[in-house]
1. Kindly establish whether residue 40 is farther than 16 Å from residue 143 by Cα, touching a strand residue (DSSP E or B) at 6+ places or on another chain (Cβ under 9 Å) and at pLDDT 90 or above.
2. Just a yes or no: is a residue in region 106-113 out of contact with any helix residue (DSSP H, G or I) (no Cβ under 8 Å at 6 or more places or on another chain), part of a strand (DSSP E or B) and under 16 Å from residue 22 (Cβ atoms)?
3. Restricting the first residue to region 128-152 and requiring it to be free of Cβ contacts under 8 Å to residues at least 40 places away in the same chain, which pairs with a second residue that is in a loop (DSSP other than H, G, I, E, B) and surrounded by 10 or more Cβ atoms within 10 Å (Cβ to Cβ) meet a Cβ separation below 9 Å and a spacing of at least six or different chains?
4. Just wondering, is there one or more residues in region 71-79 that are assigned to a loop (DSSP other than H, G, I, E, B), at pLDDT 95 or above and in contact with a helix residue (DSSP H, G or I) (Cβ under 7 Å, 6 or more places away or on another chain)?
5. If we scan region 45-57, do we find a residue that is under 18 Å from residue 102 (Cα atoms), touching a strand residue (DSSP E or B) at 6+ places or on another chain (Cβ under 8 Å) and in a strand (DSSP E or B)?
6. Name the single residue, out of those in region 62-108 being closer than 14 Å to residue 133 by Cβ and without any contact (Cβ under 8 Å) to a residue 12 or more places away in the chain, that is surrounded by the most Cβ atoms within 10 Å (Cβ to Cβ).
7. Since residue 11 meets every condition but one in (1) surrounded by fewer than 14 Cβ atoms within 10 Å (Cβ to Cβ); (2) at pLDDT below 90, which condition does it not meet?
8. Would you tally the residues in region 114-127 being surrounded by 14 or more Cβ atoms within 10 Å (Cβ to Cβ) and in a loop (DSSP other than H, G, I, E, B)?
């Protein structure tokens, strides 16, 4: 291992958040990412010293321009088989343990950011083909309106 760091230094566990935001017609708000062109739920990583609800509010506003109220917990997602392990171009590998919440819009206007090349409302039956598979599962879970959160 001359000159290379041990694998454990490149593997981290990251808390993540995502939000399922629906409008009065039941459409879902999705964002298109600038780095890979995939659509997904607004969200991201929880920063040091931040609660999951504060992180979600921050991420949604940064990525969509909307200020949201965070509601019920839809589920907690950590299964590697559901795409929760992400390998970055720099070689770092993160295993996300993600909390997904239902959110309602309080204020703001849809806007793009450095991370977002598109923001749009989609009917649940007409989601984009390049939607992250892990986010499709979260959306399906959200649409059940289950009283008990999913753990996957």
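1. Against the criterion (farther than 16 Å from residue 143 by Cα, touching a strand residue (DSSP E or B) at 6+ places or on another chain (Cβ under 9 Å) and at pLDDT 90 or above), residue 40 does not qualify.
2. The answer is yes; a qualifying residue exists.
3. Final answer for the pair search is 136/127; 143/26.
4. no
5. Yes, some residue in region 45-57 is under 18 Å from residue 102 (Cα atoms), touching a strand residue (DSSP E or B) at 6+ places or on another chain (Cβ under 8 Å) and in a strand (DSSP E or B).
6. The extreme case among them is 85.
7. Just one mismatch for residue 11, condition (2).
8. 2
The values are calculated or read from the model by the stated rules, or taken from the named source; none is laboratory data. None of these values were measured; they are calculated from a predicted model. Every residue, glycine as well, gets a Cβ built from its backbone with ideal geometry; the counts of neighbours run over all protein chains shown.
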